[in-house]
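This report refers to the structure that appears directly beneath it.
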Amino acid sequence: MFHIALCDSDHATIARLTRYIHQLPHPTDAMKIYPFSSGNTLIETCRRKIHFNLVVLGSFQGEHHHLKIARVLRRFDSLVPIMVISDHIQDSLAGYEIPLYRYYHKSVAPFLFQKDLQHLLESNSCPQNHSYLFSNWQGLHHVLLKEILFFKSEGSRILVATQRGSFIYRDSIRSLEVRLQRYNFLRIHRSYMVNLHWIRNIRGEEVTLLNGRILPLAKTRSKMLRESMVSQLGQI
């Protein structure tokens, strides 16, 4: 089931987006729509650990209020795609810092919205096809989870090692542990969180990745890692 939150103070906009969703030509999963006329209600819902696969934010009273809501939602879920529909083109630039999955002008074309929704539905069928979004001084980065080898804590910053190279941005390893565990990432050391799909073998207090990189393994996390690897093999 693909859960979609539509949040807009204009009921006509929610009805229009709902129609676009129901008219999707080739849905790959069943979809459930949750309409919200208040951003605060949506925030409270997410605060109760209710997870959505997509959040669409429309216009509200108050300048750039939808961006404020998006920033709060990011505290609860760093991966959920957030789309914003707005009359203000500057919102598309501000969205890089949140970051947003997509910005649409108020008169969003149905085919464009449906194209993005179709892509998200297809990605949802395989959790590691989700995009991990983060921003740093170089701009906004979209990296597929399956391309991430590991995360390393460096004080108040995180180094994310990917197939395309490494990036540094502000975050905490504890926050990553909470948000990414359901996507087959596991914390193996006080400073390291690894993608289970990239592990070649485990020996003693070392984890060797498919590219030959060796990471430290804490004794207290060895049993959990081995059990997670056995469980993953059982799902193949």
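Any idea which of D10, D87, D77 is surrounded by fewer than 20 Cβ atoms within 10 Å (Cβ to Cβ), in contact with a Gly (Cβ under 7 Å, 6 or more places away or on another chain) and at negative phi?
Every option except D10 fails the conditions.
Among the residues of region 17-30 satisfying the criterion of being open to solvent by 50 Å² or more (accessible area, probe 1.4 Å) and modelled with pLDDT of 85 or more, which is farthest from L120 (Cα to Cα)?
Across region 17-30, the extreme among qualifying residues is R19.
Determine which single condition H105 fails, assuming it passes every other condition in (1) at pLDDT 85 or above; (2) open to solvent by 30 Å² or more (accessible area, probe 1.4 Å); (3) more than 28 Å from L196 (Cα to Cα).
If we test H105 against (1) at pLDDT 85 or above; (2) open to solvent by 30 Å² or more (accessible area, probe 1.4 Å); (3) more than 28 Å from L196 (Cα to Cα), just (1) comes out false.
Quick test of your reading of the structure: R200 fulfils all but one of (1) part of a strand (DSSP E or B); (2) open to solvent by less than 40 Å² (accessible area, probe 1.4 Å). Name the failing condition by number.
(2)
Restricting attention to region 128-149, does a residue exist that is more than 26 Å from R200 (Cα to Cα), open to solvent by 70 Å² or more (accessible area, probe 1.4 Å) and modelled with pLDDT of 90 or more?
No, every residue in region 128-149 fails to be more than 26 Å from R200 (Cα to Cα), open to solvent by 70 Å² or more (accessible area, probe 1.4 Å) and modelled with pLDDT of 90 or more.
So how many residues does region 116-125 have that are free of Cβ contacts under 8 Å to residues at least 60 places away in the same chain and over 13 Å from the mean Cα position of the chain (by Cα)?
2
Among the residues of region 19-52, count how many are within 19 Å of H66 (Cβ to Cβ), of a type outside the set (A, V, I, L, M, F, W, C) and touching a helix residue (DSSP H, G or I) at 6+ places or on another chain (Cβ under 6 Å).
3
Given the criterion touching a helix residue (DSSP H, G or I) at 6+ places or on another chain (Cβ under 8 Å) and either surrounded by 14 or more Cβ atoms within 10 Å (Cβ to Cβ) or modelled with pLDDT under 90 (or both), identify the matching residue among R179, R213, R164, R190.
None of the other options fit; the residue is R164.
From E227, E177, which residue is farther than 28 Å from F2 by Cα and in a helix (DSSP H, G or I)? If you could, list the steps in order and put the result at the bottom.
Details: E177 fails: farther than 28 Å from F2 by Cα.
Of the residues listed, the single one that is farther than 28 Å from F2 by Cα and in a helix (DSSP H, G or I) is E227.
For region 73-100, which residues satisfy the criterion of being in contact (Cβ under 8 Å) with a residue 12 or more places away in the chain, within 16 Å of R179 (Cβ to Cβ) and not acidic (D, E)?
Let us first name the residues in region 73-100 that are in contact (Cβ under 8 Å) with a residue 12 or more places away in the chain, namely 73-74, 76-89, 91, 94-100.
Next, from what is left, pick out any that are within 16 Å of R179 (Cβ to Cβ): 73-74, 76-82, 98-99.
Within region 73-100, L73, R74, F76, S78, L79, V80, P81, I82, I98, P99 meet the criteria.
The values are calculated or read from the model by the stated rules, or taken from the named source; none is laboratory data. Everything quoted here is computed from the prediction, not taken from an experiment. Cβ: placed from backbone, ideal geometry, glycine included. Neighbour counts: every protein chain shown. The accessibility values were calculated without ligands, DNA or RNA, using every heavy atom of the protein model including side chains. Shrake-Rupley method; radii C 1.70, N 1.55, O 1.52, S 1.80 Å.
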